[in-house]
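Q: Have a look at this one.
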Amino acid sequence: MKLFVSDIVHDKEIIDTVFEASQGAIDATKKYGIEHVVNGAFGTYFDETGKLLTFDTVYRAFDRVDDIQKAKYASSIMGPPEFQEAVKNWLFKSVDLDIDCDIIATPGGTGALSSTIKNTLTRGQTVIHPDIGWGPYTTIAKEQGTPIKNYTLFKDNVFNVESFKETCLQVMHDQGKVLAFINDPCQNPTGYTMTEDEWDRVLDVVKEVSEQGPFVLLHDIAYIDFNLKGESYKKIFKRFTELPDNVLTVVTFSASKTLTAYGMRVGAQVLISSNEEQRIKMKHACGNTARGVWSTVNNGGMRVFSDIALNPELKATYMAEKQTFVDLLVERGDIFVREAKEVGLPIYPYKEGFFVTIRIDDALLKNELHLKLKALNIFFVNVYGGLRVAICSIPKDKLYGLAKRVKDALDDLTDTDEETEPKTETD
Ligand SMILES: Cc1ncc(COP(=O)(O)O)c(C=O)c1O
């Protein structure tokens, strides 16, 4: 029988581990009450009372955006001039950089990631990801019909530059072109941030590999505004201007975390390359994707971001408010990481940000632990190589003792005398 869907999409199923785990936490909360549930599944920030965090500075500024602005299409497919200026200000001016770049407004970071694959690879060409990475990277690649080759993210608890290099060389050899993803700082799901030295070594690899063909480096900065170095992290962007003309860097920006505005769907691709001609081709291609796939981005969302970025007083208020929650994440991270160490629960090297990941190399054991924790009303996201603990969504009082509860559950499973089957219908 002929299908309604096309041959290339007929076996696509939408399986999203984050949404799935989150739904489990929501259902358990309804059934047992919030006090009996640890919701470490959501990748969104919840305050200490368990309420979704909404920055006052952002939402009061949003209230002041005129209805007409909210209702209107944006004045440009690429994003209005003030939005373009705002993105530049946010990323570059705050560290005194003036970088020649092209900006395309996108629906969130996801739109930026997707458009970058679509416009740099053809179906069947391979995209390079970290082995431990944000789940939807896989979905986005599937959507574009691009197989994935992973580099191993860590070796001895530091960024595995050798694996990154080997993977890039292999893909360059096979297809004469590379598109490689790096998610930094506050990597999702491990909370790792690369050192300056690691960045230097990665960029040396980029330079070397680009001698053989075009190299597109995608730098996913979704969590940039929650890093502990603050604005000075942004100095990294200068280095992208010094790369050879066979390199295009696409910085993918997301306002979701920055503004606690996940539903507003505002983001951007920022194209940096010394090869202006090629960069402009990419800009046009991405502009066409914008028009042909989502049209314009949420005008009210872009306006509020622009208002905050371009008004020094408003930005200062935002920065102060955000800092409170950067500090709170540090406290939460300290509790979980310290206790994990005390009880001997293995975790990947966490530095900062929304997530810590418990390391479990044995996939079967990891799946069993995931189920067992669910039965205890503890919800994490099952990722490659471990279980992601969203400390952004767990208040401090629920973090105390959590590492021990997880370690006890793990010990139960590894003790062969114990039964391994989870017991409740929540599985
Ligand atoms: C690593 C990473 N990149 C990109 C995104 C994109 O987010 P959005 O599309 O909401 O901007 C997310 C969101 O969770 C993320 O975790």
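The values are calculated or read from the model by the stated rules, or taken from the named source; none is laboratory data. None of these values were measured; they are calculated from a predicted model. We place every Cβ from the backbone using ideal geometry, glycine too, and count neighbours over all the protein chains shown. For accessibility, only protein heavy atoms count, side chains too; no ligands or nucleic acids. Shrake-Rupley method; radii C 1.70, N 1.55, O 1.52, S 1.80 Å.
Q: Through the Karplus equation 6.51 cos²θ - 1.76 cosθ + 1.60, θ set to phi - 60°, convert the phi angles of the range 315-323 into ³J(HN,Hα) values in whole Hz; use x for Gly and Pro.
A: 5, 4, 5, 4, 4, 5, 5, 4, 4
Q: Which FRET efficiency value, to the nearest 0.05, is calculated for Asp412 and Thr54 with the Förster distance at 35 angstrom and r the Cβ-Cβ distance? Intermediate results must be reported in sequence, preceding the final value.
A: Details: r = 39 Å, r/R0 = 1.11.
The value I calculate is 0.35.
Q: Moving on. Roughly how many Å² of Ile8 are accessible to a 1.4 Å probe, to the nearest 10?
A: It works out to around 110 Å².
Q: Here is a follow-up. Per 10 Å bin from zero, what fraction in whole % of the C-alpha pairs of the chain is there, up to the bin with the longest pair?
A: Percent of Cα pairs in each bin: 4, 21, 30, 27, 14, 3, 0.
Q: Say each of His173 and Asn288 gets a label point 7 Å from the Cα, pointing the same way as Cα to Cβ; how far apart are those two points in nm?
A: 3.4
Q: Right, here's the next one. For the range 325-409, state the average projected area of the convex hull of the C-alpha atoms over all orientations, rounded to one decimal in nm². It would help to have the intermediate numbers written out before the result.
A: Details: hull surface 19.6 nm².
Averaged projected hull area, Cα only: 4.9 nm².
Q: On to the next question. If you count only protein heavy atoms with a 1.4 Å probe, what accessible area per residue comes out for the range 72-310, rounded to a whole Å²? Before the final figure, lay out each step's value.
A: Numbers: 8660 Å² over 239 residues.
With the other protein chains kept in place, the range 72-310 gives 36 Å² per residue.
Q: Can I ask one more? Mind giving me the nanometre distance, one decimal, between the label points for Lys229 and Thr44, set 7 Å out from Cα along Cα→Cβ?
A: Modelled inter-label distance: 3.0 nm.
Q: Now for a different question. Determine the alpha carbon to alpha carbon distance for each of Lys155/Lys283; Lys234/Lys396; Lys229/Lys341; Lys31/Lys70 and list only those over 28 Å.
A: On the way: Lys155/Lys283 36 Å; Lys234/Lys396 30 Å; Lys229/Lys341 24 Å; Lys31/Lys70 38 Å.
Where the Cα-Cα span goes over 28 Å, the pairs concerned are Lys155/Lys283; Lys234/Lys396; Lys31/Lys70.
Q: In addition: Heads up, I need the accessible area for Glu143: 1.4 angstrom probe, whole protein in place, Å², nearest 10.
A: About 90 Å², ignoring ligands and nucleic acids.
Q: So, one more: Pop out the ³J(HN,Hα) list for the range 283-289 in order, Karplus 6.51 cos²θ - 1.76 cosθ + 1.60 with θ = phi - 60°, rounded to Hz; leave Gly and Pro as x.
A: The phi angles translate into 4, 5, 4, 5, x, 5, 4 Hz.
Q: Take Asp245, Asp27, Asp102 and sort them by solvent-accessible surface of the protein heavy atoms, 1.4 Å probe, largest at the top.
A: Values: Asp245 95, Asp27 75, Asp102 20 Å².
So, going from the largest accessible area down, we get Asp245, Asp27, Asp102.
Q: How far apart, in nm, are the 7 Å Cα→Cβ label points at Ala320 and Ile148?
A: 4.2
Q: By DSSP, what percent of the beta bridges with both residues in the chain are antiparallel, rounded to the nearest 5? List each step's numbers first, then the result.
A: Values: 23 of 42 bridges.
Counting only bridges with both partners in the chain, antiparallel ones make up about 55 percent.
Q: Per-residue accessible area for His129 at 1.4 Å probe radius, Å² rounded to 10?
A: About 10 Å², ignoring ligands and nucleic acids.
Q: Which order, highest average first, do 144-154, 62-72 follow once you tally other Cβ atoms within 10 Å for each residue and take the mean per peptide?
A: Details: 144-154: 17.7, 62-72: 12.4.
Highest mean packing first, the order is 144-154, 62-72.
Q: Just to verify a number: FRET efficiency for Thr195 and Ser274, C-beta to C-beta distance, R0 = 35 Å, to 0.05?
A: Details: r = 25 Å, r/R0 = 0.72.
For Thr195 and Ser274, the calculated efficiency is 0.90.
Q: Looking at the square roots a ≥ b ≥ c of the eigenvalues of the Cα gyration tensor of the range 107-181, which shape do they give, rounded for a/c under 1.5, prolate if a/b is larger than b/c, or oblate?
A: Numbers: a/c = 2.32, a/b = 1.30, b/c = 1.78.
It comes out oblate by the Cα gyration axes.
Q: Now for a different question. Sort the range 218-314 into rounded, prolate or oblate with this rule: let a ≥ b ≥ c be the square roots of the eigenvalues of the Cα gyration tensor; rounded if a/c is under 1.5, and if a/c is not under 1.5, prolate when a/b is larger than b/c, oblate otherwise. It would help to have the intermediate numbers written out before the result.
A: Details: a/c = 2.13, a/b = 1.17, b/c = 1.82.
The shape class here is oblate.
Q: Nearest 20 debye, what's the magnitude of the dipole of the chain about its Cα centre given +1 on Lys and Arg Cβ and -1 on Asp and Glu Cβ?
A: In total the dipole reaches around 1180 debye.
Q: While we're here: So if we plug the beta-carbon distance of Gln212 and Lys2 into 1/(1 + (r/R0)^6) with R0 = 41 Å, what FRET efficiency do we get, rounded to 0.05?
A: Working: r = 44 Å, r/R0 = 1.08.
It comes to 0.40.
Q: Another one. Output the Cα-based Rg and Dmax of the range 72-310 in Å, rounding Rg to one decimal and Dmax to a whole number.
A: My reading of the Cα-based Rg and Dmax gives 16.6, 52 Å.
Q: Using square roots of five times the C-alpha gyration tensor eigenvalues, list the equivalent-ellipsoid semi-axes of the range 331-371 in whole Å, biggest first.
A: Numbers: eigenvalues 83, 25, 15 Å².
Listed largest to smallest, the semi-axes of the range 331-371 are 20, 11, 9 Å.
Q: Let me check I have the definition right: for the range 273-349, take the eigenvalues of the Cα gyration tensor, multiply each by 5, take square roots. What are those semi-axes in whole Å, largest first?
A: Numbers: eigenvalues 306, 107, 37 Å².
With the √(5λ) rule applied to the range 273-349, the semi-axes are 39, 23, 14 Å.
Q: Any idea which of Thr324, Gly301, Val343 is furthest toward the positive side of the dipole for the range 266-364, if Lys and Arg beta-carbons carry +1 and Asp and Glu beta-carbons -1?
A: The Cα lying farthest towards the positive end belongs to Gly301.
Q: For the chain, what % of the accessible area comes from carbon and sulfur atoms, probe 1.4 Å?
A: Values: 9700 of 19010 Å².
Carbon with sulfur: 51 percent of the solvent-accessible area.
Q: Can you run the Rg to Rh ratio on the range 1-117? Use alpha carbon positions and the Kirkwood inverse-distance Rh.
A: Numbers: Rg = 20.7 Å, Rh = 19.2 Å.
Radius of gyration relative to Kirkwood radius: 1.08.
Q: Right, another one. Expressed in nm to one decimal, what extension gain is obtained for the pair Lys30 and Asp362 from 0.36 nm per residue of sequence separation less their Cα-Cα distance? Before the final figure, lay out the partial values.
A: Working: separation 332, 0.36 × 332 = 119.52 nm, distance 3.23 nm.
Here the answer is 116.3 nm.
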